[in-house]
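Structure, as structure tokens:
The values are calculated or read from the model by the stated rules, or taken from the named source; none is laboratory data. Predicted, not measured: the structure shown is a model, and the values here were computed from it. Counting neighbours? That spans all protein chains shown, and the Cβs are built from the backbone with ideal geometry, glycine included. Heads up: the accessible areas ignore ligands, DNA and RNA and are worked out on the full protein's heavy atoms, side chains in. Shrake-Rupley method; radii C 1.70, N 1.55, O 1.52, S 1.80 Å.
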Amino acid sequence: MSFFPKISFQYEVEEYLTKVFRNKELITALGPQEAENKYQSLLSHLSHPPGFTTVRVNTHLASVKHVKKLLFEEIQKQFKGLCVPVLEHPKLQDVLLIPVVGPRRDLKKHASEVIVGAQCGYAVLRGAHVYVPGIVSTSRFLKAGDLVSVYSDIEGKCKRGAKEFDGVKVFLGNGISELSRSEIFSSTGPLKGLGIRMIEPVYLSPSFDNVLPSYLFLQNLPSVVVSHILNPQPGEKILDMCAAPGGKTTHLATLMHDQGEVIAMDKIANKVKKIKQNAELLQLNCIKAFCYDGTRALSVEKREDKQEGPPFLPESFDRILLDAPCSGMGQRPNMAYSSTLKEVMSYQPLQRKLFTVAVELLKPGGVLVYSTCTITLSENEEQVAWALKTFPCLQLHPQEPHIGGEGMKGAGLSLDHLKLLQRFDPSALTLQGMDVNSLQDSREDDLISLANKDCIGFFIAKFIKSNSK
């Protein structure tokens, strides 16, 4: 049963999505009622956080067993002895999974309220405390040490510094204020630091603030799968075309045992800085990050011999990851999606420009993996159909590991092609909470199976470029 309301969209986007998930191919295969049930289930799941926290172990510095032990001790400390397991994923040997307990429906709400912005609220639902920049409003007489109930302003309508708010708000749990109202809204200096320490969140997930920072990287499960599918080998030259903030980049370098070259690109300077910081934190030396627009990464002229960065000559890379900019509709939790239909539709042509460059930059026999964190056909299966038609040199290839479901009908792809794709679809299971008792009674295999499904919406396609022109 849903704890939060279904995700809301702007009217035009909702109309568009309704057509996508009621397309003729899908209706023919499932029937109208089953197609509608799946779509409504998806909308409910998107407003709730995934059922597991996924962390990738930096195997470059530590073993999974060692980090698992340290993490279990940390969780015991955070959860005050509550026994929540840390699971090793059988198909992703560098992944640890922590079940999320919740939603907890018996929490008592306090009179003193704190309103946070939507993005801050989503972070809280995945285990974060509340930092001062995320606070929009507090009760009039808030003092440091007060017990408060924290709410998310999902529509962004609360005025900063307001003393009360009667708009749409969603309860996130209870915490202790670290600061008074006057300190939070002080006019002197930039806002920073911890604002509310969450002690009774609706969803109980561990906080990873400064927890084993060199050993762990918080990543959604499908994002870890992508790098394993690209399967980079030591000594190869790899391109991560749209790399920020560097989760997949650092994973690729780790899988290569830090031997070879991983070129990471992003066109926003601050994001490139973040990639470099993550590489340094995880002590990976084979990563070279550049601030560059991927659509311009193909060189049409001869390069200087000593030039390291983009643009690159054709057929420069053994493997390429194109984790493309996308509409991001698969991200969870998200209760109010604010983009317009025009913005949603702008991604397909951009993805095609990047894809075209990627095909040119890939060596014959090389691997290209295309992925998005969205649910539309236009950015996923339609792109695969377009790519196979546009580039005869490309062939779809089986993915290993194959953890998600097959591709979605509606883009005219054959059943064989759909089976080669990987679509992580949270609507594939019944929305259910996890309490401590059911957790203790669950078999590990069942929990792993649940984690594979109860994650963000995501899409992966793997192509091989043939040697013949």
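Annotations for the structure displayed:
- The set of residues in segment 202-235 being closer than 18 Å to Tyr131 by Cβ and either in a helix (DSSP H, G or I) or under 12 Å from the mean Cα position of the chain (by Cα) (or both) consists of Leu218 alone.
- Any chance Gly365 is modelled with pLDDT under 95 and either small (Gly, Ala, Ser) or surrounded by 15 or more Cβ atoms within 10 Å (Cβ to Cβ) (or both): no
- Unique residue being closer than 30 Å to Pro222 by Cα and within 28 Å of the chain's Cα centre (by Cα) when the list is Val100, Val114, Val132, Val136: Val100
- Of the residues making up segment 250-271, those that are closer than 23 Å to Ala297 by Cα, among the hydrophobic types (A, V, I, L, M, F, W, C) and either open to solvent by less than 50 Å² (accessible area, probe 1.4 Å) or in a strand (DSSP E or B) (or both) number 6.
- Annotation note: Cβ proximity below 6 Å between a residue of segment 106-123 that is touching a residue at least 60 places away in the same chain (Cβ under 8 Å) and a residue that is surrounded by fewer than 16 Cβ atoms within 10 Å (Cβ to Cβ) (sequence gap 6+ or interchain) occurs for His110/Leu147.
- Of all residues in segment 443-455, those being free of Cβ contacts under 8 Å to residues at least 60 places away in the same chain and of a type in the set (S, T, N, Q) number 1.
- Matching residues, segment 319-339, being touching a residue at least 60 places away in the same chain (Cβ under 8 Å), part of a loop (DSSP other than H, G, I, E, B) and closer than 29 Å to Ile238 by Cβ: Ala324, Pro325, Met329, Gly330, Gln331, Arg332
- Residue tally, condition open to solvent by less than 20 Å² (accessible area, probe 1.4 Å) and either part of a loop (DSSP other than H, G, I, E, B) or closer than 22 Å to Gly102 by Cβ (or both), over segment 178-197: 2
The rows are residues; the columns are (1) modelled with pLDDT under 95; (2) out of contact with any Pro (no Cβ under 8 Å at 6 or more places or on another chain); (3) of a type in the set (A, V, I, L, M).
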{"residue": "Glu12", "(1), (2), (3)": "no, yes, no"}
{"residue": "Lys19", "(1), (2), (3)": "no, yes, no"}
{"residue": "Leu43", "(1), (2), (3)": "no, yes, yes"}
{"residue": "Lys77", "(1), (2), (3)": "yes, yes, no"}
{"residue": "Leu97", "(1), (2), (3)": "no, yes, yes"}
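- Yes/no for Glu400 being in a helix (DSSP H, G or I) and either among the polar types (S, T, N, Q) or open to solvent by 20 Å² or more (accessible area, probe 1.4 Å) (or both): no
- Of the residues screened, Leu361 is not one that is under 30 Å from Gly117 (Cα atoms), in the same structural domain as Leu421 (by the TED database) and not hydroxyl-bearing (Ser, Thr, Tyr).
- Residue in segment 268-276 that is closer than 28 Å to Arg423 by Cα, within 24 Å of the chain's Cα centre (by Cα) and not assigned by the TED database to the domain that holds Gln119 present: yes
- Residues (more than 20 Å from Lys248 (Cα to Cα) and in contact with a strand residue (DSSP E or B) (Cβ under 9 Å, 6 or more places away or on another chain)) located in segment 380-397: Glu381, Gln383, Val384, Ala387, Leu388, Phe391, Cys393, Leu394, Gln395, Leu396, His397
- Only one of Glu315, Glu280, Glu308, Glu343 that is free of Cβ contacts under 8 Å to residues at least 60 places away in the same chain, open to solvent by 60 Å² or more (accessible area, probe 1.4 Å) and at positive phi: Glu315
- Some residue of segment 105-125 being open to solvent by less than 60 Å² (accessible area, probe 1.4 Å), modelled with pLDDT of 95 or more and aromatic (Phe, Trp, Tyr): yes
- Segment 138-149 residues that are closer than 18 Å to Ile199 by Cα, paired with ones that are at pLDDT 95 or above and open to solvent by 80 Å² or more (accessible area, probe 1.4 Å) (beta carbon under 7 Å, 6 or more apart): Ser149/Lys109
- Hits in segment 14-68 - residues which are open to solvent by less than 10 Å² (accessible area, probe 1.4 Å) and among the basic types (Lys, Arg): Arg56
- Across segment 418-442, the qualifying residues are those that are assigned to a loop (DSSP other than H, G, I, E, B) and modelled with pLDDT of 95 or more, and the one among them that is least open to solvent (accessible area, probe 1.4 Å) is Leu421.
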